[in-house]
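Any read-out appearing in this document is the output of simple, stated calculations on the displayed coordinates, not a laboratory observation. Computed from a predicted structure; not experimentally measured. Backbone-built Cβ (ideal geometry, glycine too); neighbour counts: all protein chains shown.
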Amino acid sequence: MSSYLPDDITALLSTPIEHFINTNVVIMESDKNTDEALALIKERGVRSVLVSHLGEVVGIVSKTDILFKVMSQGRNPGKVRLREIMTAPVLAVGPHNTVQETLSIMDKHVIRQVIVSSHSAVLGMVSRDDIFEKIHMATLSTAHTAIQGTPVCIINPKAIVYMKDVNTAKLVCPYCESPFDTKEGLSSHIDRMHSGSGVLEGDVRRMFE
């Protein structure tokens, strides 16, 4: 999987999914037994195996599938073939689909991972968990940038509405120059935001009486 990481969430969601492909993919023939698949899952450190038939990927079997469809039912994993428990078909996206489009496909079909393919060739896989990890890292990066003082928008600017104009305000906070229409509003603001600022709150309030 690429180490590429956009600077913010918006850029990440519009990034082609090819930057997030996990190429550590296991493909096994459909007539292989589940114990062989489980051994490869452990050896390669993957969550699942792709199941193929005549060179074409036709399904997917996860470690959870083997646990609940085989072992928990007392079936012998050495005798259960992958085609018996695989989930099919397997959804695929192209390498140029965006992260947002890929997540939408997963949400629509209630799945956790998809194949990334090009011209019938499997390039790798992308899981919801991997994408969310990237989103989490981008969020931390954005927060760090904001703390360092670099101008950055970390909330929807459409949610910000300026209700007052300092030039037309009746009262202005002596500490931060925030505008207010009433003495009560100013007094409450001082209590909440500027307690311990070095001036007696009562004295400040009397300045506006």
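For this structure, a couple of remarks:
- Amide H contacts of Thr98: Ile17, each under 5 Å away and 5 or more positions distant or on a separate chain (H built 1.01 Å from N in the peptide plane; Pro and chain starts excluded).
- Shape class for the stretch 9-136, computed from the alpha carbon gyration tensor (a ≥ b ≥ c): prolate, with a/c not under 1.5 and a/b above b/c.
- Nearest-20 debye value, the stretch 9-136 charge dipole, Cβ charges on Lys, Arg, Asp, Glu: 360 debye
- Total lysine pairs under 23 Å (Cα atoms) in the stretch 13-138, excluding pairs fewer than 8 apart on one chain: 11
- Sparsely packed loop sites in the stretch 13-122 (the trypsin sites (Lys or Arg not before Pro) outside DSSP H, G, I, E and B with at most 11 other Cβ atoms within 10 Å) comprise Lys79.
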